[in-house]
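**Student:** Sharing a structure here in structure tokens format.
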Amino acid sequence: MNPIYKKLFEGNKKWSDDMKKRDPLFFEKNSKEQKPPVLWIGCSDSRVPANEVTGTLPGEIFVHRNIANMVIHTDLSMLSVLDYSVNVLGVTDVIVCGHYGCGGVNAALSSQPMGLVENWLRNIKDVYRLHQRELDFIKDIEKRAERLVELNVLEQVFNLTKTSIIQSAWNKGKKLSVHGLIYDLKTGLLTDLNATTEDRNELPRFYQVDAGMN
Ligand code: CO
């Protein structure tokens, strides 16, 4: 057995003991229900864990992570998480969090064959195509990748607001904000991209879904 596997249990025991020292009733309270106010859609990257980087505890953030924090309308897992968090948990804020130095975004900028994951990365290439004029203009490769990270988050925020799940929540009068954030691996800090969307009227009319069917 790999030593790391054993270490996980040691770490877990210590963490559980520390949590109980801080709040003896923490696990008992937490085990009864969850009512997180936030849904976090982030990258699978091991360096961007939602709770740690936001200083929150178990129970405070509902999380969905995939390579490059994508919101793809045929992704049943993402849609299920979104539907459950909005319609059952009643989250008030949905966050898409990207990060500079994203391996998925870097891979999408490359033409190297990568096998299966190419099918996923193609969605990031589509974001590039939408913003090709701006991105081609940035000659520094690292800066271009950073800008693609930002534009990708903006497009995923947009992809969220296009969904019938978000729009029907707005149509029902729910207060629901969708935000785009960037995490900087070098500083540990989050930046808001000023992409917060709170009303379907912020979308082009042809993307708006009227109240009625859902
Ligand atoms: Co990443």
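**Student:** Pick out, from the range 98-144, the helices (runs of 4 or more DSSP H) lying fully within it that include 2 or more residues that are open to solvent by 60 Å² or more (accessible area, probe 1.4 Å) and away from the ligand (no atom under 11 Å from the Cβ).
**Tutor:** Ranges flagged: 118-130, 132-137.
**Student:** Quick one: which of Tyr183, Tyr207 is of a type in the set (Phe, Trp, Tyr) and open to solvent by 30 Å² or more (accessible area, probe 1.4 Å)?
**Tutor:** One residue alone meets the criteria, Tyr207.
**Student:** Then there's this: Determine if the range 191-201 includes at least one residue that is exposed (fewer than 13 other Cβ atoms within 10 Å of the Cβ), within 29 Å of Glu142 (Cα to Cα) and either outside the structural domain of Ala68 (by TED's automatic domain parsing) or within 18 Å of the chain's Cα centre (by Cα) (or both).
**Tutor:** Within the range 191-201, one or more residues are exposed (fewer than 13 other Cβ atoms within 10 Å of the Cβ), within 29 Å of Glu142 (Cα to Cα) and either outside the structural domain of Ala68 (by TED's automatic domain parsing) or within 18 Å of the chain's Cα centre (by Cα) (or both).
**Student:** Kindly establish whether Phe9 is assigned by TED's automatic domain parsing to the domain that holds Trp120, out of contact with any Lys or Arg (no Cβ under 7 Å at 6 or more places or on another chain), open to solvent by 30 Å² or more (accessible area, probe 1.4 Å) and farther than 23 Å from Leu130 by Cβ.
**Tutor:** no
**Student:** For the range 50-67, enumerate the residues that are within 16 Å of the ligand (Cβ to nearest atom), more than 11 Å from the chain's Cα centre (by Cα) and open to solvent by less than 40 Å² (accessible area, probe 1.4 Å).
**Tutor:** Once the filter is applied, which keeps residues that are within 16 Å of the ligand (Cβ to nearest atom), more than 11 Å from the chain's Cα centre (by Cα) and open to solvent by less than 40 Å² (accessible area, probe 1.4 Å), the range 50-67 yields only Val53.
**Student:** Criterion first (loosely packed, with under 10 Cβ neighbours inside 10 Å, outside any strand (DSSP E or B) and within 16 Å of the ligand (Cβ to nearest atom)) does Ser31 satisfy it?
**Tutor:** No, not satisfied.
**Student:** Here's something else I'd like to know. Could you say which residue among Met78, Met70 is within 16 Å of the ligand (Cβ to nearest atom), open to solvent by less than 30 Å² (accessible area, probe 1.4 Å) and not in a helix (DSSP H, G or I)?
**Tutor:** Being within 16 Å of the ligand (Cβ to nearest atom), open to solvent by less than 30 Å² (accessible area, probe 1.4 Å) and not in a helix (DSSP H, G or I) holds for just one of Met78, Met70, which is Met70.
The values are calculated or read from the model by the stated rules, or taken from the named source; none is laboratory data. All values reported here derive from a predicted model rather than from experimental measurement. Using ideal geometry, Cβ is built from the backbone for each residue, glycine included, and neighbour counts are taken over all protein chains shown. SASA here: full protein model, heavy atoms, side chains in, ligands and nucleic acids out. Shrake-Rupley method; radii C 1.70, N 1.55, O 1.52, S 1.80 Å.
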